[in-house]
Amino acid sequence: MHGIISDRRVKAFATVVAYFSLREFVGYNPIINDEIRDILLQQSNLARQVYFQTGKIENTNILYPESPDQLPLPGPDAQDVSDYYYDRVEDCWPNFSRKMAPMSYEAHIKSHVLDYAKDLVIPYLGITGSEAFSKPYTERFMNEILHDKKTMKIIEGARHVQMYDKKEYINEAIEDLTIFFLRELS
């Protein structure tokens, strides 16, 4: 995000089902209470120290449980995440791993792109699904942008994960992205 707001060569910016606050997702959500957050930060601190002393990076399933049955999402979102990240992700991303370096938790808990929206000076297109759990973040990002060169496109019926690879939603998003970038970059 730093480059988007400071590099004047960048002329336009668009996102599709963006999740603008890892801080809220991995650090401050109803599932992560103060005790759990403290444990995660301690693990992150220790893993970073081990890396500095040995050069070894530990990986854990800090974001994705071993089993999709342990996902903290309700209903259709849990099914979408289970289907994509546990059953089909290797077809899309052959090198994908559900593991994460615990030392990166510290960086994740500080990541809050919403803080940068006010500094965005270029045109922005935010594409989201009407049923996407990430939709409120696109709305919040749009509200924080101070200029009026911003547009939000809502794809009706689409949930967050469905926007990754459901053809009808992808095609609609690509059409909107094409129109936006042709207009802004010509």
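The dipole here belongs to the chain: it is taken about the Cα centre, uses +1 on the Cβ of Lys and Arg and -1 on the Cβ of Asp and Glu, and is about 760 debye.
Amide H contacts under 5 Å for Lys150: Tyr124, restricted to partners 5 or more places along the chain or on a different chain, H placed in the peptide plane at 1.01 Å from N.
Go ahead and run the numbers for FRET between Tyr19 and Thr54, Cβ-Cβ distance against an R0 of 35 Å, rounding to 0.05. Each step should come with its number before you reach the end.
Values: r = 32 Å, r/R0 = 0.92.
According to the calculation, E is roughly 0.60.
Add +1 for every Lys or Arg and -1 for every Asp or Glu among the other residues with Cβ under 15 Å from the Cβ of Thr60, and state the total. That sum, taken over residues with Cβ under 15 Å, equals +1. Mind giving me the FRET efficiency for Glu184 and Ser6? R0 is 25 Å, r the Cβ-Cβ distance, nearest 0.05 is fine. Plugging the Cβ-Cβ distance into 1/(1 + (r/R0)^6) gives 0.85. Think of segment 22-111 as having a plus end and a minus end, set by charges on the Cβ of Lys, Arg, Asp and Glu; of Ala107, Ala78, Gly55, Gly55 sits farthest toward the positive end of this dipole.
Assuming a strict under-21 Å limit between Cα atoms, what lysine pair count do you get for the chain once near-sequence pairs (fewer than 8 apart, same chain) are dropped? Going through the chain pair by pair, I get 19.
For the chain, how big is Rg over Rh, using alpha carbon atoms and the Kirkwood form of Rh? Walk me through the numbers on the way to the answer.
Details: Rg = 18.2 Å, Rh = 18.3 Å.
Taking Rh as the inverse mean 1/r over Cα pairs, Rg/Rh reads 0.99.
Which semi-axis lengths, in whole Å and largest first, follow from the square roots of five times the eigenvalues of the Cα gyration tensor of segment 22-111? Show your work: numbers first, answer last.
Values: eigenvalues 120, 66, 19 Å².
Ellipsoid half-lengths, sorted descending, are 24, 18, 10 Å.
Backbone N atoms of segment 35-63 closer than 19 Å to the 7 Å Cα→Cβ label point of Ala107 belong to residues 40-63. Under the definition of Cα pairs under 8 Å and six or more residues apart, what whole-number percent is the relative contact order of the chain? Here the relative contact order equals 31 percent.
Per-residue ellipticity at 222 nm for the chain, helices alone: DSSP H runs ≥ 4 residues times -39500 (n - 2.57), over residue total, nearest 500 deg cm²/dmol? Don't jump to the answer; show the numbers that get you there.
Numbers: 8 runs with 76 residues, N = 186.
Computed ellipticity for the chain at 222 nm equals -12000 deg cm²/dmol.
FYI, it's all coordinate maths here, none of it is from the lab. Please read these numbers as outputs of a predicted model, since none were measured by experiment. Using ideal geometry, Cβ is built from the backbone for each residue, glycine included, and neighbour counts are taken over all protein chains shown.
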